[in-house]
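Each remark here refers to the structure printed beneath this line.
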Amino acid sequence: MNNQDSFVDKNKIYAVKMAGNSKANSLAMNVDPNFHDFKGICFYTPDERGHMIEGRLGHKTDVGFTFISEGFAKGEWEFIELTYENFKDEYYKIVIGGDKILKQVSNTKELIDWYHNNF
């Protein structure tokens, strides 16, 4: 892992806002900017499938990091660290059964554990 990659945490869950979108429309887990030397980023969208997007890491932000897509949905994407608070306020709406997940967790650690245990 090089220094730039150190702000990407494979254990965290991120809300993903693709280039041109004003809001996040999916979650990402197991985010890996170094997957077998792939020139881009790889991640799994829970309850959906894996993705390999060509591009490069952008920069660390106060809430996560950016990624510059050179493939699908070209431009700057934002990966926002999922917390219990932002999930409860907004992101539960973008996942199937988000309201049921909220009834099973009460903090960020429980939320992240729930995703890792169920996907």
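The values are calculated or read from the model by the stated rules, or taken from the named source; none is laboratory data. Here the structure is a predicted model, which means the values were calculated and not measured. Positions of Cβ are backbone-derived with ideal geometry, glycine not excepted, and every protein chain shown enters the neighbour counts.
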Spot the failing condition for K60; the list is (1) surrounded by fewer than 17 Cβ atoms within 10 Å (Cβ to Cβ); (2) within 24 Å of W114 (Cα to Cα); (3) of a type in the set (D, E, K, R), and only one is missed. (2)
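Sort out which residues of segment 43-57 are among the aliphatic types (A, V, I, L, M) and either surrounded by fewer than 14 Cβ atoms within 10 Å (Cβ to Cβ) or more than 16 Å from F7 (Cα to Cα) (or both), and write them in order of number. Show your work before the answer.
Here is the first cut: in segment 43-57, the residues among the aliphatic types (A, V, I, L, M) are 52-53, 57.
Scanning segment 43-57 gives M52, I53.
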At least 3 residues that are more than 14 Å from I13 (Cα to Cα) in each: list the helices (runs of 4 or more DSSP H) lying fully within segment 57-119 that qualify. 98-104
Pairs where the first residue, in segment 99-119, is under 20 Å from N30 (Cα atoms) and in contact (Cβ under 8 Å) with a residue 12 or more places away in the chain and the second is in a helix (DSSP H, G or I) and of a type in the set (S, T, N, Q), C-beta under 7 Å, 6+ apart: W114/Q104
Restricting segment 12-25 to residues that are of a type outside the set (A, V, I, L, M, F, W, C) and crowded, with 18+ Cβ neighbours inside 10 Å, the one nearest to E76 (Cα to Cα) turns out to be K17
Over 15 Å from the mean Cα position of the chain (by Cα), surrounded by fewer than 13 Cβ atoms within 10 Å (Cβ to Cβ) and of a type in the set (V, I, T) - does that describe any residue in segment 96-118? yes
Are any residues in segment 24-52 outside any strand (DSSP E or B), farther than 16 Å from N118 by Cα and either in contact with a Pro (Cβ under 9 Å, 6 or more places away or on another chain) or in contact (Cβ under 8 Å) with a residue 40 or more places away in the chain (or both), and if so, which ones? A24, N25
Residues (modelled with pLDDT of 95 or more and within 13 Å of Y14 (Cβ to Cβ)) located in segment 43-52: F43, Y44, T45, H51
